1. Out of residues 5 or more away from ALA398 or on other chains, whose amide H comes under 5 Å of its own, with H placed 1.01 Å from N in the peptide plane?
2. Which distance in nm do the two modelled labels at ASP690 and ASP195 give, with both placed 7 Å along the Cα-to-Cβ direction?
3. Compute the distance from the alpha-carbon center of region 308-360 to that of region 253-303, in whole Å.
4. Say the dipole of the chain comes from +1 at the beta carbon of Lys and Arg and -1 at that of Asp and Glu; which of LEU13, VAL603, GLN319 then lies farthest toward its positive end?
5. Using the Karplus equation 6.51 cos²θ - 1.76 cosθ + 1.60 (θ = phi - 60°), what ³J(HN,Hα) coupling, rounded to whole Hz, does each residue of region 180-197 give in order, writing x for Gly and Pro?
6. Rounded to whole Hz and in sequence order, give me ³J(HN,Hα) for region 206-217 from the Karplus expression 6.51 cos²θ - 1.76 cosθ + 1.60, θ = phi - 60°, writing x for Gly and Pro.
7. Excluding ligands, DNA and RNA, what is the solvent-accessible area per residue of the chain at a probe of 1.4 Å, expressed in Å²?
8. Once you keep just the Cα pairs under 8 angstrom separated by 6 or more residues, what percentage relative contact order results for the chain?
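The values are calculated or read from the model by the stated rules, or taken from the named source; none is laboratory data. The shown structure was predicted, so the numbers you read here are calculated from the model rather than taken from an experiment. All Cβ positions, glycine included, derive from the backbone under ideal geometry; neighbour counts span all protein chains shown. Areas reflect the complete protein model, heavy atoms only, side chains present, ligands, DNA and RNA absent. Shrake-Rupley method; radii C 1.70, N 1.55, O 1.52, S 1.80 Å.
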Amino acid sequence: MRIGIVGGGPAGLYFALLMKRADPTHQITVAERNPADATFGWGVVFSEDTLTELRDADYETFLRLEEHLVRWGAIDVRYRGRVLRAHGHGFSAISRHVFLGVLQERCRELGVELFFGREVGDLTSWSDRDLIVGADGVNSWVRTHHEGAFRPGYDVHPTRYAWFGTDLVFDAFTFIFEPTDHGLFQVHAYPFSGDRSTFIVETTEETWRQAGLDRLGEKESLAFCEDLFATHLDGHRLFSNRSAWINFVTLANQNWHLGNIVLVGDAVHTAHFSIGSGTKLAVEGAVALAKGFQAHPGDMAAAFAEYELERQPRVERFQAAARDSARYFEGVGRYLHFDPEPFVFNLLTRSGRITRADLEQRDPVLVNLVDRWAQAAGTGVDRVPLLTTPPRTAPLAAAGAVFANRVARSLPAPDSAREGVVVDEHRRGLELAAASGASLVMTEPVAVAADGRITPGSAGLYGDEHTEAWAEVTAAVHDRGGLIGVRLSHAGPRGATRLRSRGTDRPLPEGGWGLLAASDTSFVEGGPVAKGMGPVELERVRTEFMQAATLADPAGFDLVEVDASAGYLLASFLSPLTNHRDDHYGGDLAGRLRYPVEVVEAVRSVWEGPLVVRVSASDWHPAGSGGDQLVVAARAWVEAGANLIEVAGGSAVGAARPEFLPLYLVPFADRVRNEAGTPVMVGGGITTLDQIDTIVAAGRADLCLLDPVLYDRSPYRDALGR
């Protein structure tokens with residue numbers, strides 16, 4: 001084939017040499033706009049998996065790279081005057097300049113034509129090429145020239161960073177956190193040769209401006225950072241190589257090829273530098289593209305298909321992990337009240353790719369240190385035994401109660417033909433949850449009134465017969481050694497539906513009963529319309545929540561939860577999608593919060609025990625509410641008397657599309673816990689004990705709800721009580 005490659009970075013050069021090595025008859029030209037010895041940035045980091053792929057793809061190139069690799073296996077975190085080291089992390093790095101030099105040399109040996117200082121501004125000059133590869137980086141001319149076809153998306157990150165070098169050779173991948181009067185600055189540093197290290201400085205836009213860096217030139221900016229990190233540099237210097245303060249851009253293209261044009265490397269995707277995967281993804285993409293052509297010689301469409309099928313899912317996973325990692329550093333200021341042990345653990349597990357079990361295999365000493373901290377924090381003692389148990393077993397004194405461990409369970413309440421009465425099946429389910437060793441068992445929605453039921457078979461707590469039935473259930477749970485909480489709920493616009501076993505949110509064929517909501521609305525399109533509440537209904541429902549709370553004590557409940565989630569009645573006040581009132585219960589967030597806050601205050605006036613508010617993490621709708629409003633709402637409920645917030649799933653309207661991914665609620669819980677400053681309970685696809693250990697030790701939540709279906713089918717089930 002006649003191949004033209006635009007861009008002489010890692011992806012373009014590596015693809016060129018692999019294709020030429022596979023078939024010397026290929027005529028391959030690489031055109032790079034910059035000089036051959038020009039490179040921006042400092043070091044390139046590789047994981048052991050990437051090095052293995054490089055070795056298998058072209059052993060000769062691997063051997064030449066290996067001569068220049070710097071290897072280390074530790075991560076240092078410098079925080080609050082301490083240095084905590086995590087072992088067992090395999091890294092290798094090389095100077096970007098050396099790396100490109102090796103690839104250029106190898107290309108020339110194989111007969112690839114290399115042209116530097118050549119701008120390709122018009123592909124018509126390559127009209128005779130069978131294949132054109134856009135490998136010209138994040139600012140790709142090839143991509144932007146055909147933007148309508150490739151359909152790129154750009155996610156501009158809010159923090160600023162500058163990419164420096166230093167003559168201090170670190171002996172570990174080093175994170176530095178340096179608070180200043182302007183705000184927090186953080187460093188990502190790692191060695192890449194015998195006399196140089198990369199030194200990336202990152203901070204928020206606000207801190208960057210308050211420090212005056214927006215008004216400083218390149219030299220002055222470098223001097224500022226040298227002075228700020230003088231203690232850590234220990235007399236060494238920083239170096240600049242067009243080290244401007246920029247915002248990282250995560251790039252993703254819907255399409256990766258157009259006709260005979262294909263994108264590779266940063267031209268088609270990027271991933272945040274905090275997980276060190278940019279060059280890794282570029283060279284792995286080059287390998288996959290070359291393999292596609294080797295597997296399908298003469299069939300370009302099949303080669304492109306294999307390349308994309310192989311790489312797109314992997315890139316998406318890496319980008320998701322990189323986004324999680326980037327969000328950590330963008331919001332790391334919320335963790336500055338952490339002790340060093342949970343702070344380091346939080347950092348190491350930030351992207352979701354590493355859990356406590358992974359860290360225990362890599363560095364059991366560090367994990368033991370974190371476990372001992374968790375046990376000490378849970379028991380309130382200064383010292384714990386050297387050999388201790390995982391964080392999930394740590395007790396928790398919060399919300400006016402003492403929880404024996406950090407595991408909670410909630411089971412779906414089964415439907416019953418007996419209106420609003422707790423049935424034996426529900427009792428058995430709750431007993432099973434308590435028997436599993438969970439410190440807390442939560443009911444599913446329990447109606448505070450007959451017209452607050454979801455289905456005709458929904459459990460209730462608004463009569464003496466309900467109190468007596470629940471007392472039997474709570475006694476059984478207490479006999480198992482657990483605490484039990486009741487979730488008081490009013491279905492609102494989601495009421496009067498068929499039994500959930502016959503489908504969710506399906507209206508009763510006979511019409512059901514009258515429904516209430518903040519405003520006239522229906523939860524699902526074409527469904528029954530709930531009536532906007534007037535003064536009489538507002539007072540009545542508030543009273544019904546109070547009366548249900550007064551019954552919680554004789555019913556034997558240890559904890560009361562007010563349900564303001566999942567599109568039910570109180571949630572209909574919170575969301576701008578369903579609250580269109582023009583009185584003081586509508587309008588801005590403060591107005592939409594007013595009635596749910598009044599209900600919580602009313603419940604608190606009659607209930608002295610632990611009080612929880614359950615709220616949806618997001619409306620999952622562009623016009624709805626999200627994370628920022630969730631934190632504001634949590635603060636309001638704490639002021640109203642809540643001791644704990646449960647961050648839940650569900651949406652405000654049936655047309656919303658929640659993202660039900662594993663642990664999808666944990667980032668929301670993290671924000672509430674560490675920005676609103678309140679204990680948090682969270683569920684959402686939590687299925688293993690290792691996940692709970694990781695969430696608790698990292699300070700992302702205090703109690704974790706195990707998924708009732710997936711967990712009961714898992715091999716970990718019998719280990720919960722240990």
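1. Long-range HN contacts for ALA398: PHE403.
2. 4.4
3. For region 308-360 versus region 253-303, the Cα centre distance is 25 Å.
4. The one lying farthest along the dipole's positive direction is LEU13.
5. Those phi angles translate into 9, 5, 7, x, 8, 10, 9, 10, 10, 10, 7, x, 9, 7, x, 9, 9, 9 Hz.
6. 5, 5, 4, 6, 5, 7, x, 5, 5, 10, 9, x
7. Roughly 40 Å² per residue, with all protein chains present.
8. Here the relative contact order equals 9 percent.
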